[in-house]
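Below is one structure, written out as structure tokens; comments come after it.
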Amino acid sequence: MQKQIIINCDNKQTRVAVLEDGRLVEIYLERPVHQRVVGNIYKGVVANVLPGMQAAFVDIGLERNAFLYVDDAVVEAKEGDVKTKKSIEQLLRPGEEIMVQVIKEPFGSKGARLTRQITIPGRHLVLMPTADYIGISRRIEGAEERERLRQIVAKMRPENMGLIVRTVAEGEEEAVLQQDLNFLLPLWERLQARYRQRKAPCLIYQDLDLIYRILRDLFTDEINRLIVDTRYEYEKILETLDVIDPSLKDRVECYCGREPIFDVYGIEPEIERALSRIVWLNCGGYLVFDHAEALTVIDVNTGKYTGKTNLADTVLKTNLEAAAEIMRQIRLRDIGGIIIIDFIDMENEEHTKQVLDTLMEKSKLDRTKSHVLGFTNLGLVEMTRKKARQGLDAVLQQSCPYCNGRGKVLAADVVSARTERQLRSFLDGLDAEAVLVELHHSVAGLMIGPNGSYLRKLEEETGKAIFIRGSDTMHVEKYKILAFGTLAEVQKVAYPVSVGERYEVKVEEPHANNPYDGIARISGFVIDVQSGGAYVGETITVEIQEVAKTFARAKIV
């Protein structure tokens, strides 16, 4: 498998794309306005302890207090150690100063999640100053190699400290691992010194910037090429590799082309695709992604694919391609938590096994820990994936200010009925003769009704003169009271045109009842242009002939 890392840098953001056989599988972004906090170590102050939740909130200097669960509040985590579990109130008290590390980014209204089990990553090892055991990366599969690394690390491990051997350490000699440890131990001593000297709450260790983290964590012998589009970063990468792994320097390239690097490698369209709810498969089927608060649901559909032999083979081919694409999209979108997949129903148990095997095989390519739990009695696949940072949609998108993230707005007729009820309530007891209301033009038309019949009825029932103005810029669910008072006062505001005056207008559409006429608008006020149906889309000069309550009639000059 050909693997590449593509890095795009500019003043606003750094983007790193990981490609496998030319296809985007992971994307990392770092922007000055959205600083990453996972991995940072803080001197925090316990704000309050919640026995009912067995958790504590800790002030670490961020906008919201961070969350510390009881299992993460235990300072020592020893391999094979069995101890009486302590409650949160036994471990912490309000006002106490503690060292904590962020293990999960803040999400929505939730603060960051913390642990007291500190980890400091190096290139080949991870130092755990508050633990007392040895861990080997699960991606190192050979039993002999795992045992060899365990024996090497056991000799060099500092007393009362733990070490995790990272995947990149596979095949490395003891001297290389010792060099990594010689870097990590002084770093831990400096952190302790800062902790003693500084006043809480404060940051005492910030994880490295994105490019250095990529070099430390991702750039290994498995990567064929690393390409960066900035000369300055190219030089920095080479200098860093002099320390980390000089043998990888000849795999680094500086891109100097005129076309943006993400366009050259087809990355931009893949990012857009990863933000879409629907993802089409090569076979003609498609996936639908729906995100809820606690889980993500993925639905598989045959779509345009009809197959060539029989239904079972059509379903199997679609499901197999879907399984591979689902795991790629999960990595790319960085979906975490509970994931439910609704594959197309299969009656053949061997086909079901093939689909599950494909999911599990593709999940091994993922650096983030995941578990495929199998099919439920309802025929749904359950899986979980560790969630440490915000997904791609949360990083690149924000909730719609109009629908507040629902993805839908109320239908115009529903809004019209609701607005009418609210308007009746507002007008009841209002000491005024008339009122001017602005609404979205689709709702305004429904409020007025055919030939103004609905509006006249509302005026009769409320005893007020009601003027309606349509607007393209108004939210379809909202309305605005622009003016109220005497009839003369409101009329002066309500009519933006006068008889005999000339205006430049754009004919927007044919008249609904008389297509020979055209409809234009001035400040949302409808202008019925006689014989204007032939000028739809054009700007023309008109002269106002008549001004009525809900529209004006004009002729073409």
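The values are calculated or read from the model by the stated rules, or taken from the named source; none is laboratory data. Bear in mind the structure is a predicted one, so any value in this text is a computation, not a measurement. We place every Cβ from the backbone using ideal geometry, glycine too, and count neighbours over all the protein chains shown. The protein model used for the area step is the full one, side chains on, heavy atoms only, and it has no ligands, DNA or RNA in it. Shrake-Rupley method; radii C 1.70, N 1.55, O 1.52, S 1.80 Å.
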_D_trans [Stokes-Einstein, Kirkwood Rh over alpha-carbon pairs] for the stretch 350-451, 25 °C, 0.890 mPa s, µm² s⁻¹_ = 125 µm²/s
*asked:* Let me spell out the model: positive unit charges on the Cβ of Lys and Arg, negative unit charges on the Cβ of Asp and Glu, origin at the Cα centre of the chain. What dipole size does that give, in debye rounded to 20?
replied: 1300 debye
*asked:* Please list, by residue number, every one of the GluC sites (Glu not before Pro) in the stretch 173-236 that is coil in DSSP and has at most 15 other beta-carbon atoms within 10 Å.
replied: E173, E222
_For a quick check: with amide H placed at 1.01 Å from N, whose amide H comes under 5 Å from L482's, ignoring anything fewer than 5 positions away on the same chain?_
L436, V437, E438
*Simple spin-label model, 7 Å along Cα-to-Cβ: R418 to N282 in nm?*
4.6 nm
*Quick one: length gained pulling L238 to A292 fully straight, 0.36 nm per residue minus the C-alpha distance?*
15.1 nm
*Could you give the radius of gyration (one decimal) and Dmax (whole number) of the Cα atoms in the stretch 451-516, in Å?*
14.7, 38
*asked:* Can you give the log10 of the normalised intensity I(q)/I(0) at q = 0.06, 0.09 Å⁻¹, computed with Debye over equal Cα scatterers of the chain?
replied: -0.50, -0.90
_Cβ-Cβ FRET estimate between A411 and R502, R0 fixed at 25 Å, reported to 0.05_ = 0.05
*Would you mind working out the accessible area per residue for the stretch 398-557, using a 1.4 Å probe, and quoting it in Å²?*
56 Å²
*asked:* Given points 7 Å out from each Cα along the Cα-Cβ axis, report the D345 to Q178 separation in nanometres with one decimal.
replied: 6.5 nm
*asked:* Could you work out the relative contact order of the chain? I mean the mean sequence separation of Cα pairs under 8 Å and 6+ apart, divided by the number of residues, in percent.
replied: 9 percent
*Contour minus Cα-Cα distance for Q2 and L203 (0.36 nm per residue)*: 68.4 nm
*Mind listing the long-range amide H neighbours of E96? Cut-off is under 5 Å, sequence gap 5 or more, other chains count too, H placed in the peptide plane at 1.01 Å from N.*
V46
*Report Rg (one decimal) and Dmax (nearest whole number) for the stretch 111-209, counting Cα atoms only, units Å.*
14.7, 48
*Relative to the first principal axis of the alpha-carbon coordinates of the chain, what is the inclination of helix 311-333, with its axis defined by its Cα atoms, in degrees from 0 to 90 and to the nearest 10?*
80 degrees
*Acute angle (nearest 10 degrees) that the helix 453-462 long axis makes with the longest principal axis of the chain, alpha-carbon atoms*: 90 degrees
*Please work out the Cα center distance from the stretch 504-535 to the stretch 89-118, rounded to the nearest Å.*
63 Å
*What percent of all Cα-Cα pairs in the stretch 292-382 falls in each 10 Å bin, counting up from 0?*
16, 52, 28, 5, 0
*For the chain, find the longest principal axis of its Cα atoms and tell me its angle to the long axis of helix 412-427, 0 to 90°, nearest 10.*
70 degrees
_I need the Kirkwood Rh of the stretch 243-340: take the reciprocal of the average 1/r across all distinct C-alpha pairs and report it in angstrom._
16.3 Å
*asked:* Can you tell me, using C-alpha contacts under 8 Å and at least 6 residues apart, the relative contact order of the stretch 400-546 as a whole percent?
replied: 21 percent
*At a Förster distance of 25 Å, what's the computed FRET efficiency of Q354 paired with T384, Cβ-Cβ distance as r, to 0.05?*
0.70
*At a Förster radius of 25 Å, what calculated FRET efficiency corresponds to the Cβ-Cβ distance of C256 and K12, to the nearest 0.05?*
0.75
*When only C-alpha pairs under 8 Å and at least 6 residues apart count, what is the relative contact order of the stretch 478-527, in percent?*
25 percent
*In whole Hz, what ³J(HN,Hα) sequence does the stretch 226-234 give by Karplus (6.51, -1.76, 1.60; θ = phi - 60°), x for Gly and Pro?*
10, 10, 10, 9, 10, 4, 4, 5, 4
*HN-Hα J in Hz across the stretch 265-277 - Karplus 6.51, -1.76, 1.60, θ = phi - 60°, x for Gly and Pro*: 9, x, 7, 4, x, 5, 5, 4, 5, 6, 9, 7, 6
*Sum -39500 (n - 2.57) across every DSSP H segment of at least 4 residues in the chain, then divide by the residue count to get the 222 nm mean residue ellipticity, nearest 500.*
-9000 deg cm²/dmol
*asked:* Once each part is reduced to its C-alpha centroid, what is the distance from the stretch 15-61 to the stretch 299-358 in angstrom?
replied: 32 Å
*asked:* So if the hydrodynamic radius of the stretch 165-313 is defined as the Kirkwood radius over C-alpha pairs, what does Stokes-Einstein give as its diffusion coefficient at 20 °C and 1.002 mPa s, in µm² per second?
replied: 104 µm²/s
*How many nm separate the modelled label positions at Y69 and E433, each set 7 Å beyond the Cα in the direction of the Cβ?*
6.8 nm
*asked:* Using +1 at the C-beta of Lys and Arg and -1 at the C-beta of Asp and Glu, which of F219, Y255, L191 has the Cα lying farthest in the positive direction of the dipole of the stretch 185-310?
replied: L191
*How many percent of the accessible area of the stretch 312-452 is carbon or sulfur, using a 1.4 Å probe?*
49 percent
*Assign one of three labels to the stretch 2-151, namely rounded, prolate or oblate, based on the Cα gyration tensor with a ≥ b ≥ c the square roots of its eigenvalues; rounded applies when a/c is under 1.5, prolate when it is not and a/b is larger than b/c, and oblate otherwise.*
oblate
*Ignoring ligands, DNA and RNA, what accessible area per residue does the stretch 30-178 give at 1.4 Å, in Å²?*
50 Å²
*Residue-span extension gain [H511 to L275] - 0.36 nm each, minus C-alpha spacing*: 81.0 nm
*Roughly how many whole Å is it from the C-alpha centroid of the stretch 161-199 to that of the stretch 434-461?*
73 Å
*For the stretch 429-480, just say rounded, prolate or oblate: build the C-alpha gyration tensor, square-root its eigenvalues into a ≥ b ≥ c, call rounded for a/c under 1.5, and beyond that prolate if a/b exceeds b/c, oblate if not.*
oblate
*Could you calculate, for the stretch 403-454, the ratio of the Cα radius of gyration to the Kirkwood radius, expressed as Rg to Rh?*
1.04
*Report ³J(HN,Hα) in whole Hz for each residue of the stretch 123-133, in order, from the Karplus equation J = 6.51 cos²θ - 1.76 cosθ + 1.60 where θ = phi - 60°; Gly and Pro get x.*
5, 10, 10, 10, 8, 10, x, 9, 10, 8, 7
*Options L295, V355, I6, ranked by Cα towards positive dipole end of the chain, top entry (Cβ charges)*: L295
_Accessible area of the stretch 465-504 with a 1.4 Å probe: how many percent of it is carbon plus sulfur?_
53 percent
